[in-house]
There are 2 protein chains.
Amino acid sequence: MDVHYLEDFAPGQRYISQRLRIDADQIKAFAAQFDPQPFHLDEVAAEKTFFRGLAASGWHTAALTMKLLVGSDVRPAGGLIGAGFESFNWPRPVRPGDELYIECEVLEVLPSRSRPGQGIVRVRITTFNQNAEPVQDGICKMLVFGRKAPQA
Amino acid sequence: MDVHYLEDFAPGQRYISQRLRIDADQIKAFAAQFDPQPFHLDEVAAEKTFFRGLAASGWHTAALTMKLLVGSDVRPAGGLIGAGFESFNWPRPVRPGDELYIECEVLEVLPSRSRPGQGIVRVRITTFNQNAEPVQDGICKMLVFGRKAPQA
């Protein structure tokens with residue numbers, strides 16, 4: 001698989017990832033390490049919360065989204081480097097047994113004026129469950145190098 | 001430690017967390033699981049990349065930020081439930097040996113019109129390293145319940 005330079009990106013390009021299944025043990029293990037709250041740790045305790053059952057930490061969903069992105073055909077030269085997000089949302093919970101996949105769409109390509117040879121590629125990254133319902137969406141600014149950049 | 005209801009939050013409230021140290025093994029283990037790219041996995045390979053040395057995945061920083069938040073005095077009734085972020089950035093990399101802490105500042109309290117008894121608390125959450133340099137910042141919309149909400 002070839003890498004893509006800044007010059008190769010164009011608005012409208014779309015990428016779909018493979019699928020990744022998440023189970024209850026993974027949800028609890030991630031939560032125990034990073035987000036130890038009842039609705040991420042225990043089925044019974046979770047029933048009485050806002051989530052009405054075990055739900056993955058949003059940061060677990062975010063980390064799995066990154067894993068799916070790294071395994072996808074989105075391959076900027078120099079690697080996937082996120083400068084940040086303009087918006088970032090979790091419209092619905094991720095549940096045990098869900099199968100996640102992502103869609104990445106290029107919105108805009110912005111060559112840097114101050115640093116020739118690099119730029120920002122704005123992408124919408126949406127994570128879906130097996131019912132094609134969005135569980136996470138965000139607009140990300142990726143730092144991408146051009147063919148003449150030293151790092152690329 | 002008491003929990004806080006929607007009525008207890010007010011703009012200007014600030015919380016500072018404990019500190020948490022991150023080491024190279026943790027950086028590599030997280031990356032192997034969720035963000036397997038050279039600059040997060042291997043010191044030597046990382047030298048030749050944009051990061052010029054091993055750096056934590058931004059999602060690792062985000063997950064540790066959540067851990068620090070859960071351990072902090074920010075304790076909404078019903079738990080820490082993030083609806084999303086209006087902005088989310090990683091202004092500089094997290095390096096092995098960094099000690100992270102967070103500051104959480106309440107910006108705005110927005111009671112829901114359609115769902116009495118709950119609302120959104122807008123907070124700025126900034127993660128700093130041991131040199132008080134920001135490594136992550138975001139404006140988060142937290143779902144918070146009032147004293148009369150069924151879930152609270």
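Here, each number is a calculation from the coordinates, and none is a lab measurement. The structure displayed is predicted, hence computed values, not measured ones. Virtual Cβ from ideal backbone geometry, glycine too; neighbours counted across all protein chains shown.
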Charge dipole of region A:6-145 about the Cα centre (unit charges at C-beta), most positive-ward option of A:Ile120, A:Thr49, A:Gly71:
A:Ile120
Note down the net charge around A:Glu105, summing +1 for each Lys or Arg and -1 for each Asp or Glu among other residues with Cβ under 12 Å from its Cβ.
0
For A:Leu110, inter-copy label-point distances (7 Å, Cα→Cβ), nm, shortest first, read 2.3
With charges only on Cβ, +1 for K and R and -1 for D and E, what is the dipole size of region A:6-145 about its Cα centre, in debye, rounded to 20?
300
Dipole magnitude of the protein assembly as shown about its Cα centre, charges +1 at Lys/Arg Cβ and -1 at Asp/Glu Cβ only, in debye to the nearest 20?
500
What residue among A:Ile125, A:Ile102, A:Ile81 has the largest mean-square fluctuation in a Gaussian network model of chain A, using Cα springs under 10 Å?
A:Ile81
If you rank B:Thr61, A:Thr49 by fewest surrounding Cβ atoms within 10 Å, what's the result?
A:Thr49, B:Thr61
Tell me the net charge near B:Pro36. Cut-off is 14 Å between Cβ atoms, B:Pro36 excluded, with +1 for each Lys or Arg and -1 for each Asp or Glu.
+1
Helical mean residue ellipticity (222 nm; -39500 (n - 2.57) per DSSP H run of 4+; nearest 500) of chain A:
-6000 deg cm²/dmol
Antiparallel DSSP bridges in the protein assembly as shown: what percent, to the nearest 5?
95
Relative contact order of chain A, pairs being alpha-carbon contacts under 8 Å that are 6 or more residues apart, as %:
30
Under 18 Å from a label point 7 Å along Cα→Cβ of B:Ser112: give me every residue in region B:39-79 with its amide N that close.
B:76-79
If each K or R counts +1 and each D or E counts -1, the residues other than A:Asp73 whose Cβ falls under 11 Å of its Cβ total +1
Counting other Cβ atoms within 10 Å, keep those with at most 16, restrict to DSSP loop, and tell me which trypsin sites (Lys or Arg not before Pro) in region B:34-135 are left.
B:Lys48, B:Arg52, B:Arg113
